[in-house]
Amino acid sequence: MAQPRILILGAPGAGKGTQSQKITDEFDVDHVTTGDALRANKDMDISDMDTEYDTPREYMDRGELVPDEVVNAIVDEALSAADGFVLDGYPRNLEQAEELDEMTDLDVVLYLDVSEEELVHRLTGRRIDPETGEIYHVEYNPPEDPDVEARLEQRDDDTEETVRERLRVFRENTEPVIDHYDEQGDLERIDGEQAPDEVWADVKATIEDAA
Ligand code: AMP
């Protein structure tokens, strides 16, 4: 296979970002992630798109989905520029999945399976180093350096209330996407509750098998 075109699905906190980073390094593909793209453009004016709110921030801080029109354009542009990719955070609903079917053919669809209880624990404890972008967890993976610990930040949408809403939105909108790929027989289910290195071993082997 040329550079692989990989889709990674999973709830918020399932480990898509961590595994996507490893995929990027190992398989030399672009990391296309709507969450990061939107965070970098949170205050972009989208009022001309006839949306309920005028910026992505207002959707994101509530844990709601940003309108399809906005994210479809981001993904379409990023995928046309990529020679192989791992797509993370998209599609989040069936309409986006249909849009993606029109944009590209996928070589592998991975699903990181993690229980809801574990997801809440992971997300509310997640902290980010604003200087390096490195992700830590207050309990599972605290930084050793006290200077790093002192500057850690929590994502605006990792508070318990917003986390619950994001997981509700996931169940309602994104679980049908998982069923969609499952019914097509394309879904590679991976136990996302294993240690990150074990998850990575499964992810890597699955991608290599698809080659
Ligand atoms: P993430 O970093 O993937 O958890 O995304 C953070 C937030 O960005 C989500 O809660 C949504 O508000 C927004 N977002 C990211 N990807 C999408 C998408 N594919 N469709 C709609 N909203 C999205």
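The values are calculated or read from the model by the stated rules, or taken from the named source; none is laboratory data. As the structure is a computational prediction, the values presented were derived from the model and not from experiment. Counting neighbours? That spans all protein chains shown, and the Cβs are built from the backbone with ideal geometry, glycine included. In case anyone asks, the SASA skips ligands and DNA or RNA and just uses the protein heavy atoms, side chains included. Shrake-Rupley method; radii C 1.70, N 1.55, O 1.52, S 1.80 Å.
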Please sort through the DSSP H helices of the chain and keep those with an alpha-carbon extent of at least 18 Å along the long axis and a Kyte-Doolittle average not below -1.0.
68-81, 196-210
Probe 1.4 Å - accessible area at ASP36, Å² to nearest ten
80
Three-way shape call for the range 1-120 based on the alpha-carbon gyration tensor, with the a/c threshold at 1.5
oblate
Measuring from a point 7 Å past the Cα of GLU198 along Cα-to-C-beta, which residues in the range 123-150 have an amide N at less than 12 Å?
none
Go ahead and run the numbers for FRET between HIS137 and GLU58, Cβ-Cβ distance against an R0 of 41 Å, rounding to 0.05.
0.90
With a ≥ b ≥ c the root eigenvalues of the C-alpha gyration tensor of the range 118-211, is it rounded (a/c under 1.5), prolate (a/b larger than b/c) or oblate?
oblate
Which length gain, in nm to one decimal place, applies between ASP156 and ASP209 when the Cα-Cα distance is subtracted from 0.36 nm times their residue separation?
15.3 nm
Normalised contact order of the chain, rounded percent, pairs of Cα under 8 Å and 6 or more residues apart
30
If eta is 1.002 mPa s and T is 20 °C, what Stokes-Einstein diffusion coefficient results for the chain, Kirkwood Rh from Cα pairs, in µm²/s?
120
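How long is the gain from SER115 to ARG39 if the chain were fully straight, where each residue apart is worth 0.36 nm and the alpha carbon distance is subtracted? Don't skip to the answer; put the middle values down first.
Details: separation 76, 0.36 × 76 = 27.36 nm, distance 2.58 nm.
Gain on stretching SER115 to ARG39: 24.8 nm.
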If you take the beta carbon distance between ASP105 and ASP179 as r and set R0 to 22 Å, what does 1/(1 + (r/R0)^6) give as a FRET efficiency, to the nearest 0.05?
0.65
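Calculate, for THR51 and ARG189, the FRET efficiency according to 1/(1 + (r/R0)^6) with r their C-beta to C-beta distance and R0 35 Å; round to the nearest 0.05. If you can, show how the numbers build up before the last one.
Details: r = 34 Å, r/R0 = 0.98.
FRET efficiency, THR51 to ARG189: 0.55.
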Computed for the range 1-153: size of charge dipole around the Cα centre, +1 on C-beta of each Lys and Arg, -1 on C-beta of each Asp and Glu, debye to nearest 20, value 440
